[in-house]
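Trainee: Take a look at this one; I'll ask things after.
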Amino acid sequence: METSTLNNTPPGTVYLVGGGPGDPELLTLKAARLLAAADVVVYDNLVSAAVLAHARADAEHIYVGKKAGNHALPQLDINKLLVTLALQGKQVVRLKGGDPYIFGRGGEEAETLRAANIPFEVVPGVTSAAGAAAYAGIPLTHREHAQSCFFVTGHLKDEGCKLDWPTLARPGQTLVIYMGLTSLPDISRELIAHGMDPATPAACVRRATLPDQQTLTGTIATLPQIVIDAGIKPPALLIIGGVVALHHKLDWFSERT
Ligand code: SAH
């Protein structure tokens, strides 16, 4: 049975769209087309203004992210909002930073939409790990340094967040840690305690792909203090592994004219 509104208008489609890491040119053509057509854009704080500028001039914009001191709209409320808007017959773009299915809670939104019988589509985006790697000159894999790469949450306070430290501490791989800034001292301590060489190169890339991108480098032992001394604020990614040593050779972005 089709889900329909009270007055029998068919529900609109919800597009879960990845907006990429920040540089608007990293938006996919599909994301730009859907943004230009949507009646409503529901977005959060990692979406850059230049990306949002692709929305139709008269589209409704609904911000559901965090604002100084205030909490973001709880995820359950965001899920409900998407369903409500679609039931009003609107075409909805749910715009997220990076990729919707990488630490973006897109899976939960898709499950809610499916349960409510709302048609939905998912548009991948350039995840911030790929953006940071490219723009900071840190290839995530490299035949001489890393044969595998992990995308890990550093939000250690999350209920049920148990990282497999012995596996993460192994050599010959790259770790990309999302949301890891606050827990960096704990992450550093755990990795070293589980056998990672304290001299392993490590980087913190802030506001990757944006004009004010910052890259700080050190080792897994020294990076926590370097980041504190520089007063780095989110959003930032941590990249750990031998590939980080390539940054000084491959850093085309800060050298561009
Ligand atoms: N879905 C997003 C991740 C959301 S989780 C993606 O695919 O990129 C939020 C975390 O993403 C931030 O805490 C930060 O670690 C990372 N992040 C997002 N955008 C970033 C950027 N431009 N530069 C550095 N880190 C970023």
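Just so you know, all these numbers are worked out from the coordinates, no wet-lab data involved. These figures come from a predicted structure and were not determined experimentally. Every residue, glycine among them, receives a Cβ derived from its backbone with ideal geometry; neighbour counts consider all protein chains shown.
Trainee: Exposure proxy check: HIS54, HIS194, HIS61, HIS71 ranked by fewest other beta carbons within 10 Å?
Mentor: With the sparsest Cβ surroundings first, the list reads HIS71, HIS61, HIS194, HIS54.
Trainee: To continue, here is another question. What distance in nm separates the two pseudo spin-label positions at ILE62 and ARG256, each 7 Å out from Cα along the beta-carbon direction?
Mentor: 3.5 nm
Trainee: Which of the trypsin sites (Lys or Arg not before Pro) found in segment 193-257 are loop residues per DSSP with 15 or fewer other Cβ atoms within 10 Å of their Cβ?
Mentor: Passing sites in segment 193-257 are ARG256.
Trainee: When a footprinting reagent is the concern and you count Cβ atoms within 10 Å, what order do ASP164, ASP23 take, fewest first?
Mentor: Exposure proxy ranking, most exposed first: ASP164, ASP23.
Trainee: Using only alpha carbons, build the gyration tensor for segment 98-158 and give me the equivalent ellipsoid semi-axes, biggest first, whole Å.
Mentor: Working: eigenvalues 180, 40, 20 Å².
Each semi-axis is the square root of five times an eigenvalue, giving 30, 14, 10 Å.
Trainee: Take the alpha-carbon positions of segment 201-252, form their convex hull, and give its projected area averaged over all directions (one quarter of the hull surface) in nm².
Mentor: 3.5 nm²
Trainee: Once the convex hull of the alpha carbons of segment 7-53 is built, what does its volume come to per residue, in cubic angstrom?
Mentor: Details: hull volume 3.8 nm³, N = 47.
With only Cα atoms used, segment 7-53 gives 81 Å³ per residue.
Trainee: Which is the longest part of the chain that has none of the GluC sites (Glu not before Pro) sitting in a DSSP loop with at most 11 other Cβ atoms within 10 Å? Let's see the in-between values first.
Mentor: Working: sites that count: GLU2, GLU144, GLU159.
Within the chain, the longest run free of exposed GluC sites (Glu not before Pro) spans 3-143.
Trainee: Now for a separate question. Roughly what % of DSSP beta bridges within segment 32-179 run antiparallel, to the nearest 5?
Mentor: Bridges in segment 32-179 that DSSP calls antiparallel: roughly 10 percent.
Trainee: Starting from the Cα coordinates of segment 6-126, work out the convex hull volume and express it per residue in Å³.
Mentor: Values: hull volume 12.1 nm³, N = 121.
Hull volume over Cα atoms, normalised by residue count, gives 100 Å³.
Trainee: Continuing with this model, one more query. With Cβ to Cβ distances under 14 Å as the rule, what net charge do the other residues near THR222 carry (K, R +1; D, E -1)?
Mentor: Summing Lys and Arg as +1 and Asp and Glu as -1 gives -1.
Trainee: Another question, then. Tell me the mean residue ellipticity at 222 nm calculated for the chain from its helices only (DSSP H runs of n ≥ 4, each -39500 (n - 2.57), averaged over every residue, nearest 500).
Mentor: -7500 deg cm²/dmol
Trainee: Compute the distance in nm between two label points, each set 7 Å from the Cα along the Cα-to-Cβ direction, one at GLU108 and one at THR28.
Mentor: Here the modelled spin labels are 2.3 nm apart.
Trainee: Size of segment 129-256 along its principal axes in angstrom, Cα-based, largest extent first?
Mentor: 41, 32, 23 Å, listed from the longest principal axis down.
Trainee: From largest to smallest, what semi-axes in whole angstrom does segment 157-211 give when each is the square root of 5 times an eigenvalue of its alpha carbon gyration tensor?
Mentor: Values: eigenvalues 81, 51, 20 Å².
Values for segment 157-211, descending: 20, 16, 10 Å.
Trainee: What's the exposure ranking of CYS204, CYS161, going from fewest to most Cβ atoms within 10 Å?
Mentor: Sorted ascending by nearby Cβ count, the order is CYS161, CYS204.
Trainee: Can you say what percent of the DSSP beta bridges in segment 129-256, counting only those with both residues inside, are antiparallel? Round to 5.
Mentor: On the way: 15 of 21 bridges.
So the antiparallel bridges amount to about 70 percent of the total.
Trainee: Roughly speaking, what % of Cα-Cα pairs in the chain are separated by over 32 Å, rounded to a whole number?
Mentor: 29 percent
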